[in-house]
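Novice: Below are the structure tokens for one structure; questions will follow.
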Number of protein chains: 2
Amino acid sequence: MSYESELLDINTEKLLADILYFIRNYIIGLKKEGVLVGLSGGIDSCVVLKLCVEAVGKDNVLAVILPEKDSDSKNIKDALKFADSLDVRIIYKKITPFLWLLGVYNLYPPSFIIKKSLQEKFVKKEIDKISKRNKEDIFIANLEGHSDKDLNKGIAYYRIKHRIRSSILFYYSELNNYLFVGTVNKTERITGFFVKYGDSVADIMPLNSLYKTQVIKLAKFLKIDESIIEKQPSPDLIPGIKDEDMIGLPYIKLDLILFGIENNYTDNDIIKVSNASQTEIDRVKKIIEKSEYLRAWPIGL
Amino acid sequence: MSYESELLDINTEKLLADILYFIRNYIIGLKKEGVLVGLSGGIDSCVVLKLCVEAVGKDNVLAVILPEKDSDSKNIKDALKFADSLDVRIIYKKITPFLWLLGVYNLYPPSFIIKKSLQEKFVKKEIDKISKRNKEDIFIANLEGHSDKDLNKGIAYYRIKHRIRSSILFYYSELNNYLFVGTVNKTERITGFFVKYGDSVADIMPLNSLYKTQVIKLAKFLKIDESIIEKQPSPDLIPGIKDEDMIGLPYIKLDLILFGIENNYTDNDIIKVSNASQTEIDRVKKIIEKSEYLRAWPIGL
């Protein structure tokens, strides 16, 4: 069997049964009366929502959509349409006022905030400026502290959004005694490609052991709309920035590298099947190491 | 050596040196340029703030005070006075507007919200009502889901406050590239006496391995104001509710039980030194077990 097909060699039917059992089991174990999912309109949260509906029935599922000023309008539409298609209850609440209250939008000039057309250009220029000044790549710099003031401003600007979201998701889940089901997948978890205490929090994480490419396979099996599956994945936190812009690798290549590392393949083997360069493999290893502390309980003495 | 003196037999000078090294070490390791502490005016956050000042000097420390409508005015005053006495920079920001935005204060009647004098009475009545209806004690019910609607409303009402706080604390720490130093102590950690992803989040937790009674000893060594040390500890989330009301045990007794369990003493030995009953010991063991999932990365499949 080839390496790539090994990565994708998951028994989808068994996997689905395991996940449904897993969700039901925690509802019982934690004495909850339903489940809640934060829905962005991206593939991961749509898959999780669908899984929850399969696990406990649409009447026990609450989809919470929390867009803000910078959210891609296509994602908002997709989220609403998808939740509607499953006929689950929806809470739709803009978090924009919370971000204004904290002064988040004041970090950048009003032209960036107001004119959608200028945003992507502005962001690209800002990232170029920061990249030129710093030797280290931005994704790695993101995983630890950095003295570049513009980079820190950008980090503060995007991370608060997911943290406000998780606070609100916990609020509604507690009010309803619902299980808060999160959406982080294995690729994100291993690379630290999440906002610590933002999207990385929940009661349970059913995609925890699935690489992104495996989530895509599961999405197809679940007959999630093609337009959601084929949309380029994006954290939807900074206008115009896609997942692959941040990670610097296409998901299939990244997953093949991660899968190779997980299974103790030699770098040469990984290079052969993934077409990655040695530099790319070394970078991924560095990312895994540098993101270790993000996955743990706050470091204690 | 007696059991109680064993619990308090910490070498304060060595401990202090270890904590200061620990804080400095993570500032360097995570490439931060200062530290940030959320200050409530209680003993734990005051101790942590003082430790940070000792570790990195007052010019590199930011104290963030985030009160809301229900906050005890004595705590707010203590927080401001203590931060002032250490001459650190202060950010003072009321989170009340955030809670209004989300509708949190609308969960209870306006009389509860507006009249401070009625609050404590109202809360006691509400808790009595919930307690009478349920066999399990409220603290344990708090650790998992529960079908009592009034209990869930209360839980949602108090937990969101610490979650909004932690979101804001991360925001300011990222904006400044500061290390976010948390305040959870060992007693709280082991018993789940924290708000998951509320006060339980930070970059590092210097009190992580100190029981509450050991924190008090350290506070005296650090010459923290007597009035702060002697104040009855309170989460300051619900008017009138103190730590011991929620835990149902005085801290010294609780710590002696926890210390005994940690050191594999027999229940009979624990009873002898702590004056706890078998029922109390069993309850603490149940609390430890039920709170296990709160300390972990969200449960994955």
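Computed from the coordinates by the stated procedures, all read-outs in this text should not be read as laboratory data. Treat the numbers as computed from the prediction; the structure is a model and nothing was measured. Cβ: placed from backbone, ideal geometry, glycine included. Neighbour counts: every protein chain shown.
Novice: At 7 angstrom along the Cα-to-beta-carbon line, where would the label on B:Ser277 sit relative to the other copies? Give the distances in nm, shortest first.
Specialist: 7.2
Novice: Would you compute, from DSSP H runs of 4+ residues alone, the mean residue ellipticity of chain B at 222 nm, taking -39500 (n - 2.57) per run and dividing by the full residue count, rounded to the nearest 500?
Specialist: Result for chain B, helices only: -17500 deg cm²/dmol.
Novice: Looking at the range A:3-248 from every direction and averaging, what is the projected area of its Cα convex hull in nm²?
Specialist: Value for the range A:3-248: 13.7 nm².
Novice: I would also like to ask the following. Provide a whole-number value for the mean count of partner chain Cβ atoms within 10 Å of the Cβ atoms in peptide A:159-172.
Specialist: So the per-residue partner count for this stretch is 6.
Novice: Here is a follow-up. Which residue, A:Lys132, A:Lys290, A:Lys124, has the most motion in a Gaussian network model of chain A that connects Cα atoms within less than 10 Å?
Specialist: Among A:Lys132, A:Lys290, A:Lys124, the largest GNM mean-square fluctuation belongs to A:Lys132.
Novice: Please report, for A:Ser227, the nm distances (one decimal) from its label point, 7 Å out from Cα along the beta-carbon direction, to the equivalent points in the remaining copies, shortest first.
Specialist: In ascending order, 6.4 nm.
Novice: Taking Cα centroids, how far is the range B:123-153 from the range A:283-298 in Å?
Specialist: Centre-to-centre (Cα) distance: 39 Å.
Novice: Under the rule of at least 5 residues apart or a separate chain, name every residue whose amide H is placed under 5 Å from the amide H of A:Asp236.
Specialist: Here nothing satisfies the definition.
Novice: Full-extension gain between A:Thr12 and A:Glu244, please, as 0.36 nm times their residue separation minus the C-alpha to C-alpha distance.
Specialist: Stretched fully, the A:Thr12-A:Glu244 segment lengthens by 81.0 nm.
Novice: Between B:Lys124 and B:Lys153, what is 0.36 nm times their sequence separation minus the Cα-Cα distance? Round to one decimal in nm. Please list the in-between numbers first.
Specialist: Numbers: separation 29, 0.36 × 29 = 10.44 nm, distance 1.49 nm.
Stretched fully, the B:Lys124-B:Lys153 segment lengthens by 8.9 nm.
Novice: Give the Debye-formula value of log10 I(q)/I(0) at each listed q (0.31 Å⁻¹), with one equal scatterer per alpha carbon of the range B:1-48, two decimals each.
Specialist: -1.05
Novice: Quick one, can you get me the convex hull of the C-alpha atoms of the range B:249-291 expressed as volume per residue in Å³?
Specialist: Dividing the Cα hull volume of the range B:249-291 by its residues yields 62 Å³.
Novice: At A:Glu289, with labels set 7 Å past Cα in the Cβ direction, how many nm apart are the copies from this one, shortest first?
Specialist: Result for A:Glu289, in nm, nearest copy first: 4.2.
Novice: What does the charge add up to near B:Ile281, with Lys and Arg as +1, Asp and Glu as -1, over the other residues with Cβ less than 11 Å from its Cβ?
Specialist: Numbers: positive: B:Lys253, B:Arg283, B:Lys285, B:Lys286; negative: B:Asp267, B:Asp269, B:Glu280, B:Asp282.
In short, 0.
Novice: Moving on to the next point. Out of A:Lys153, A:Lys50, A:Lys253, any idea which swings most in a Gaussian network model of chain A, alpha carbons joined below 10 Å?
Specialist: A:Lys153
Novice: Normalized C-alpha radius of gyration of the range A:187-301, against 2.2 N^0.38 Å?
Specialist: 1.14
Novice: Could you check the simple spin-label distance between B:Lys132 and A:Asp87, using points 7 Å along Cα→Cβ, in nm with one decimal?
Specialist: 4.2 nm
Novice: Next up: Simple spin-label model, 7 Å along Cα-to-Cβ: A:Ser209 to A:Ser5 in nm?
Specialist: 2.4 nm
Novice: Give, to the nearest whole percent, the P(r) tail of the protein assembly as shown beyond 36 angstrom, counting all Cα pairs.
Specialist: Beyond 36 Å sits 38 percent of the P(r) for the protein assembly as shown.
Novice: While we're on this one: Would you mind calculating the gained length between B:Thr266 and B:Leu107 on full extension (0.36 nm times residue separation, minus the Cα-Cα distance), in nm to one decimal?
Specialist: 52.7 nm
Novice: Given the range B:53-183, report the % of alpha carbon pairs whose separation exceeds 20 Å.
Specialist: Details: 4853 of 8515 pairs.
Pairs farther apart than 20 Å: 57 percent.
Novice: For A:Val64, enumerate residues with amide H under 5 Å from its amide H, sequence gap 5+ or separate chain, H modeled in the peptide plane.
Specialist: A:Val37, A:Gly38, A:Leu39, A:Ile91
Novice: Shifting gears a bit: Check which residues have an amide H placed less than 5 Å from B:Ile299's amide H, if you skip close sequence neighbours.
Specialist: The list, which skips near neighbours in sequence, is A:Met205.
Novice: Next question, about the same structure. Pick from A:Ser131, A:Ser291, A:Ser147: which is most flexible by mean-square fluctuation in a GNM of chain A where alpha carbon atoms under 10 Å apart are linked?
Specialist: A:Ser147
Novice: Here is a further query. Count neighbours as other Cβ atoms within 10 Å of each site's Cβ, and list the trypsin sites (Lys or Arg not before Pro) in the range B:165-237 that are DSSP loop with at most 12 such neighbours.
Specialist: B:Lys223
Novice: If you don't mind, there's one more thing I want to ask. In nm, to one decimal, how far is the B:Trp100 label point from the B:Phe221 one, both placed 7 Å along Cα→Cβ?
Specialist: Each label point lies 7 Å from its Cα, and together they span 4.5 nm.
Novice: Could you tell me the relative contact order of chain B? Use alpha-carbon pairs under 8 Å, at least six residues apart, and round to a whole percent.
Specialist: Taking the mean separation of contacting Cα pairs over the length of chain B, I get 22 percent.
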